[in-house]
Amino acid sequence: MFIGGIDIGGTKISAGVVSSRGSIVDFCEFRTSDLHDPYEAVAQIGDYFNTIQQRMEEPLYGIGIGCTGPVDPFNGRIGSVEFLQGWAGFNIVSEFKKKVRTPVYLENDADAAAIGEKLFGNGHDSDHFINVTVGTGIGVGIIFNKQLFRGVDGTHPEIGHHIIDPSGPSCSCGARGCWESLAGGRATLIAFNNKYGMEFTSATELYEAARNNDKNALEAVRNEAFYLGIGLSNIITIFAPDIVSISGGILRCQDLIWDPILQLVRQNCGFTDLRKIKIIPSALGQHTGLIGAAGICLFLEVSHD
């Protein structure tokens, strides 16, 4: 059995085919900035899946979509997202169904990543599991009692926008000093470029400079690690999960951030028995979001058994 997955992030959109065991069979990528028109995005990605299906001996079981920002998983619509100008209110599920003629499902991308880790990765044997995705922004997916934790009307809890420093930088969410505005990849990049007059075009470039011992880049990454550690401390104190898994582009500099993050968690979680909580990098690597998006189709069945 094969499943389609689409991971729509602030920097790139990945589409691919995943096996029922979570391995990637085929995938392609688009720059998010190149797909301004959601209908054109559906057309291009739909053509990709139709071409793949012509080569396959069996039809896709379904297609799962993980999309950044607020989404309506029950009606298939995308909310207002800074990185997806012109997509607000777009019914991506109904449009994909017209194009690919297979079941299509939608979830927030952080929830999709948590689903992927639950089905195929770190959270497989955990009842209370949290995945934190640190990429362009920060998203948190929660599996509680083996179910995806949702807020009112099924909404995704925006833990990436909980306040760390009320006097901090402003965010597109309308708040100041939220977690994403202090520790997200895009925020870290903007703060670095503004401070040093640099013109790095991606957080990946910044992380690479840090790995090459650029003093200023190292300082920026350590600052990001500090705020990541504070946010993770809050999450662990509030939810006390079995496992916290970290995924996303931040893992490109895992060796630079991991020890400082763990040290901050130990300092700030005095009432939590950390001996019973694992904090570990994603088991699914750079394709956590894509695998998780495909996994939505399976998880919706498993979680309701």
- [ ] Have a look at SER181, SER94 and point out the one that is modelled with pLDDT of 95 or more, in a helix (DSSP H, G or I), of a type in the set (Ser, Thr, Tyr) and out of contact with any helix residue (DSSP H, G or I) (no Cβ under 9 Å at 6 or more places or on another chain).
- [x] SER94
Task: Some residue of the stretch 294-303 being of a type in the set (Asp, Glu) and free of Cβ contacts under 8 Å to residues at least 24 places away in the same chain - done: yes
TODO: Could you tell me whether the stretch 119-142 includes any residue that is assigned to a helix (DSSP H, G or I) and either in contact with a Cys (Cβ under 6 Å, 6 or more places away or on another chain) or modelled with pLDDT of 95 or more (or both)?
DONE: yes
Open item on the list: Take the residues in the stretch 137-161 that are closer than 20 Å to ILE243 by Cβ and either among the aromatic types (Phe, Trp, Tyr) or over 14 Å from the mean Cα position of the chain (by Cα) (or both); name whichever of them is surrounded by the most Cβ atoms within 10 Å (Cβ to Cβ).
Closed with: ILE143
Open item on the list: Just to be sure I understand, how many residues within the stretch 219-270 are in contact with a strand residue (DSSP E or B) (Cβ under 9 Å, 6 or more places away or on another chain) and not aliphatic (A, V, I, L, M)?
Closed with: 11
Open item on the list: Can you find, within the stretch 78-109, the residue that is surrounded by the fewest Cβ atoms within 10 Å (Cβ to Cβ) among those that are of a type in the set (D, E, K, R) and more than 21 Å from ILE142 (Cα to Cα)?
Closed with: LYS98
Task: Criterion violated by PHE299 - all others in (1) closer than 17 Å to LEU119 by Cβ; (2) among the aromatic types (Phe, Trp, Tyr); (3) modelled with pLDDT of 95 or more satisfied - done: (3)
- [ ] Name, by its number, the condition in (1) modelled with pLDDT of 95 or more; (2) assigned to a helix (DSSP H, G or I) that does not hold for THR204.
- [x] (1)
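The values are calculated or read from the model by the stated rules, or taken from the named source; none is laboratory data. Since we're looking at a predicted model, the values are computed, not measured. Virtual Cβ from ideal backbone geometry, glycine too; neighbours counted across all protein chains shown.
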